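Here is the structure we will look at, set down as structure tokens.
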Amino acid sequence: MIQSMTGYGKSVIQLPTKKISIEVKSLNSKNLDLNTRMPSLYREKELEIRKQIASKLVRGKIDFSLYMEITGEETSTQINKTVVQQYIKQLKEVVDGDETEMLKMAIRLPDAVTTERDEIDEDEWSQIAKEIDSSLEKIYQYRLDEGQVLEADFIERVNTISNLLEQVIKMDPERIKGVRERLQKGIADIKEKVDENRFEQELVFYIEKFDITEEKVRLSNHLDYFLKTLKSSDSNGKKLGFISQEMGREINTIGSKSNYAPMQKLVVQMKDELEKIKEQLLNVL
């Protein structure tokens, strides 16, 4: 079953003194393009998180965000009283003013406020890691759901191309007959007597240049292979992309060889359906 590279997952966990929110967003990309945002406290876990995401999502432009909101009385930020008092003392030496205003000035000066480096609580991190797994599971399911929509669209468009190919196959004898008649009329118009055997040989050679039997067979095989690959156990957008390129080659060759307006109209419709398939394939994992 195919997966889309578009997805979204979110989880929230309430710890004793903080609330942790985790968001994962994903868009299409040729490779894994992963951006992470998190408080400095958890930066030492970034490599672990990246491995966790890469193993689950494989490919795509992925934005991972971990937000922390302090909900308890615990805080790691402290006012450096000694430094602030020294600042106020020095300010008084410069200007005689209101102490409240001086305090406002002092608190903005360097080293007036210090932040202690917290250590990660492993039990707490274990709960956060489970929520990361939960958010990844949500985005994974989102991708599967989107993949089902894409798969239905692909099947419909491939079947449309297949139906158009059937019309091309039915039309081919009429096309060859038309080519033969145009050549015979051309000879008659110039009122030239020709050797019938030589004419037939040249006609066969000419018609062979416009023969599309191999292209019809190969295109039919590519369409079947595309549908088979859609049903494989893994999602392989790159492989489907290669198959669609081969389909395009056969359709283009049929168009260039057809030399027959009704058939060329069918080819244009096939190209249109294939272009829509290629556009959607850019979003398949």
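The values are calculated or read from the model by the stated rules, or taken from the named source; none is laboratory data. None of the values given here were measured: they were computed from a predicted structure. Neighbour counts are summed over all protein chains in view; Cβ atoms, including those assigned to glycine, are modelled from backbone coordinates with ideal geometry. Protein only, heavy atoms only, side chains kept; ligands, DNA and RNA dropped before computing areas. Shrake-Rupley method; radii C 1.70, N 1.55, O 1.52, S 1.80 Å.
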Residue check, K51 against (1) over 28 Å from the mean Cα position of the chain (by Cα); (2) free of Cβ contacts under 8 Å to residues at least 40 places away in the same chain, all met but one. Which one?
(1)
Residues that are under 27 Å from R59 (Cβ atoms) and among the basic types (K, R), drawn from the stretch 116-163:
K130, K138, R143, R157
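Select from the stretch 190-227 the residues that are aromatic (F, W, Y), at pLDDT below 75 and under 24 Å from L165 (Cα atoms) and list them in ascending order.
To start, the set of residues in the stretch 190-227 that are aromatic (F, W, Y) comprises 199, 205-206, 210, 225-226.
Pick out the ones that are also at pLDDT below 75 and you get 199, 205-206.
If the condition is that a residue be aromatic (F, W, Y), at pLDDT below 75 and under 24 Å from L165 (Cα atoms), then Y206 is the only one that fits.
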Please work out if Y87 is at pLDDT 95 or above, among the hydroxyl-bearing types (S, T, Y), assigned to a helix (DSSP H, G or I) and surrounded by 11 or more Cβ atoms within 10 Å (Cβ to Cβ).
no
Return the pair list, or none, for Cβ contacts closer than 8 Å from residues in the stretch 129-156 that are surrounded by 13 or more Cβ atoms within 10 Å (Cβ to Cβ) to residues that are aromatic (F, W, Y) and outside any helix (DSSP H, G or I), at least 6 apart or on different chains.
K138/Y8; I139/Y8; Y142/Y8
Looking only at the stretch 157-177, filter to residues that are farther than 16 Å from E208 by Cα and free of Cβ contacts under 8 Å to residues at least 12 places away in the same chain; which one of those is least open to solvent (accessible area, probe 1.4 Å)?
N159
Strands (runs of 3 or more DSSP E) (entirely within the stretch 1-78) containing at least 2 residues that are farther than 29 Å from S233 by Cα and open to solvent by 30 Å² or more (accessible area, probe 1.4 Å):
7-14, 60-70
Condition (residue is assigned to a helix (DSSP H, G or I) and of a type in the set (D, E)) applied to the stretch 105-120: is it met by at least one residue?
no
